Each structure stands twice: as structure tokens, then as C-alpha cells.
Amino acid sequence: MLVADSSEFTRRIVRDTLRISGVKRFLDASDGSNAIKTTLRSNPDLLIVSDELPHVGGIDVARALRRVPNFQSPVLLMTAQPSPELIDNALDVGIRDIVSKPLTHSAIWSRVESIIKSGRINLSRSEEPLMKELTRRR
């Protein structure tokens, strides 16, 4: 999974939440340009990106990646300002869901769990059994 936010603190909250749920492999990006480069190089299962990334915002990251042939990874957008316009723009570029800041463990997990249950995420083989068990229990 790729976590992109300019704040190391925010990236750590997301990683810690998902690590508790059994995710082991994370990629980090502190700006939109690096989020795009890292995604193209590593093809993560899920992208969790901030709408206010330096250089290229989260919506533009999703827009750029949707133009890449065969890019299928779902994108979860983090935002401190979930306005109707932002939500419309996010949905227009194929962002799967939005989570509001300040982040809570339960809000992050519920959005990721929804994406997993929708079948739109391909977990690595080492994480798949654990994540299936966790979503079955909830």
C-alpha cells in the first residue's frame, strides 16, 4: 500500500492503523510527484493519498494514474475539507472513497475494509489470509 501525505505524522497514523490489521508492506510519499513515480514503479494494491500534497494534489495524482493503461488500484483520498466540489472532483477521477482529517483508526479501517470487501484490491499473498480473516470477523 502507498501512503502519501506531506506529514510524517499522518503517514504514521495510517501505517499504524493498517499494520494493526495485518498489513506489512508500505510505501511512502511526501508529495504528489513521488506518489506517482512510486506507484508506477511498485504498483501498490491501494493508494491512500492526501488532497493537499505538495507539487501535485491527490486528485491530480489519481487523474494522472487513471490515464496509465491497466492501472486498477483503488485510491482513498484523505482531506481536511470534504466540500461537495472536492467530493465531485474525486469521484469524477475514480477515487474510491474519502476519509476526513483529523484521522481516526476506525475511520481509516472502515474505508479500507469497504474497499477490500468490494473486491477491488489485490492483496499480496502473504497478507491475503490475515486480511480475509479480519474482514470476516468484523
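Go over the candidates 97, 51, 31 one by one and state the one that is in contact with a Ser or Thr (Cβ under 9 Å, 6 or more places away or on another chain), crowded, with 20+ Cβ neighbours inside 10 Å and of a type in the set (Asp, Glu). Walk me through it before giving the result.
Details: 97 fails: crowded, with 20+ Cβ neighbours inside 10 Å; 31 fails: crowded, with 20+ Cβ neighbours inside 10 Å.
Going through 97, 51, 31 in turn, the sole match is 51.
Mind listing whichever residues of segment 14-53 are touching a residue at least 40 places away in the same chain (Cβ under 8 Å), among the aliphatic types (A, V, I, L, M), touching an Asp or Glu at 6+ places or on another chain (Cβ under 9 Å) and part of a strand (DSSP E or B)?
48, 49
Specify the residue that is modelled with the lowest pLDDT; the eligible residues are those in segment 5-28 that are surrounded by 14 or more Cβ atoms within 10 Å (Cβ to Cβ) and polar (S, T, N, Q).
The residue in question is 21.
Any idea which of 40, 76, 2 is among the aliphatic types (A, V, I, L, M), surrounded by 19 or more Cβ atoms within 10 Å (Cβ to Cβ), modelled with pLDDT of 95 or more and farther than 18 Å from residue 118 by Cβ? Explain how you work it out, then say what you get.
Working: 40 fails: surrounded by 19 or more Cβ atoms within 10 Å (Cβ to Cβ); 76 fails: farther than 18 Å from residue 118 by Cβ.
Answer to the selection: 2.
Filter segment 61-99 down to the residues that are polar (S, T, N, Q) and within 20 Å of residue 2 (Cβ to Cβ) and list them by number. Explain how you work it out, then say what you get.
As a first pass, look at segment 61-99 and keep what is polar (S, T, N, Q): 70, 72-73, 79, 81, 83, 89.
70, 72, 73, 79, listed by residue number.
Give just the number: which of (1) surrounded by 15 or more Cβ atoms within 10 Å (Cβ to Cβ); (2) not in a loop (DSSP other than H, G, I, E, B) does residue 56 not satisfy?
(2)
Would you call residue 87 farther than 18 Å from residue 32 by Cα, modelled with pLDDT of 90 or more, surrounded by fewer than 18 Cβ atoms within 10 Å (Cβ to Cβ) and not small (Gly, Ala, Ser)? If you could, list the steps in order and put the result at the bottom.
Working: farther than 18 Å from residue 32 by Cα: yes; modelled with pLDDT of 90 or more: yes; surrounded by fewer than 18 Cβ atoms within 10 Å (Cβ to Cβ): yes; not small (Gly, Ala, Ser): yes.
The answer is yes for residue 87.
The values are calculated or read from the model by the stated rules, or taken from the named source; none is laboratory data. As the structure is a computational prediction, the values presented were derived from the model and not from experiment. Ideal geometry is used to build each Cβ from the backbone, glycine not excepted, and the neighbour counts take in all protein chains shown.
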